[in-house]
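Each remark here refers to the structure printed beneath this line.
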């Protein structure tokens, strides 16, 4: 049956009635956050000490940690270096389903290379990995889940970037390389070190990230339209007393709904980057030394139309100003290439290379079934549920 629009309409009307009060409350909280930002703008040592104290009591604390720049810092974009290579990688996947006639998974990673101003033709690369047989099962015997496939995808993105960046430096040791991926550097998996199905992949991911480390290479995770409140959570620590920071840090929300992007939108002019922050999180024990995660915000929008993104970088790039400046300049230039919808052009192209469409999934299913039939191997058909769903409508894309 279709959506019950009559029922939903009443809920929409109720939402509209409540929205002005919510907007006003959020405006007041944002003003409060802006006041805290101004008051503690240069108290970096004190804020670092408070985060350390709170994190010792709450290992799940997730917030920004100031590094060396005042909280309200804003830096205009530097010039793009004359010799720079831009690499971008993105991935898509097919998750195994027990409803298919022969369960299988696919990790498809696309990469894109361009060297602005060099006259070189941009290049595309693709790596496709089939997941079948024993690889469909975890060490404990259960079927692997979407988290495993997603981590394999993230791992292969990092490995491709490391391989391509190494080739660039073999050809020209002095060239600067920007290696980009979409989304955070930190994989979104729960307790990866305590799970036998994830731990080996997670360790390989960390190794691959370290493999990109080079004084001529800056890798970054680009987070479009972020809803993060890492800086806001830092400011919330300020509102707690010492005993409260030990008991309630990370749980007590005095500025709910305020985002970092909303707070910084009036500070960052088009092209500006914010102060650089370190990330305090539970995974800090694994992202250590040269790959410790840092981040900054970037206004890739235009006058009267701000568009803030979060950019995550490892410590080796965060602590090396030439790399940080190169990355800043490259991202602004890349976003301008797509006009009124600012997004890095190279990342957009890598996504186009990587995406797996539904008809491709169907074709792969047919190829697998044909191979098994030729070898006399029997397999069951799709589940009745899947067969019914396939006959009830057309899907056009897998991503």
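What follows is calculated from the coordinates using simple rules that are stated; it is not laboratory data. Note that the structure is a prediction, hence the values are computed from the model and not measured. Virtual Cβ from ideal backbone geometry, glycine too; neighbours counted across all protein chains shown.
Observations, loosely collected:
- Rg ratio for segment 65-155: its Cα radius of gyration over 2.2 N^0.38 Å, N being its residue count, equals 1.69.
- Fewest-first sequence of 132, 388, 181 by Cβ atoms within 10 Å of each Cβ: 388, 132, 181
- Rough spin-label spacing in nm, given labels placed 7 Å along Cα→Cβ, for residue 282 and residue 19: 3.5
- Legend: calculated FRET efficiency, residue 27 to residue 336, from the Cβ-Cβ distance at R0 = 22 Å, rounded to 0.05, equals 0.10.
- Segment 175-318: C-alpha gyration tensor shape, a/c 1.5 cut-off, then a/b vs b/c: oblate
- Candidate values [x] 138; [y] 187; [z] 212 were compared with volume of the Cα convex hull per residue in Å³ computed on the shown model; the agreeing label is [y].
- C-alpha long axis of helix 345-354 to longest principal axis of the chain, angle in °: 20
- Helical runs (DSSP H, four residues minimum) scored at -39500 (n - 2.57) apiece and divided by the length of the chain put the mean residue ellipticity at 222 nm at -13500 deg cm²/dmol.
- Summarising the overall dimensions of segment 146-201 from its C-alpha atoms, the Rg and Dmax are 14.3, 41 angstrom.
- Segment residue 371-residue 56, extension gain: residue separation times 0.36 nm, minus the distance between their alpha carbons: 107.8 nm
- Taking every DSSP beta bridge that has both ends in the chain, the antiparallel portion is near 75%.
- Cα centroid separation, segment 139-156 to segment 1-70 (Å): 33
- Angle in degrees between helix 5-39 and the longest Cα principal axis of the chain, rounded to the nearest 10: 40
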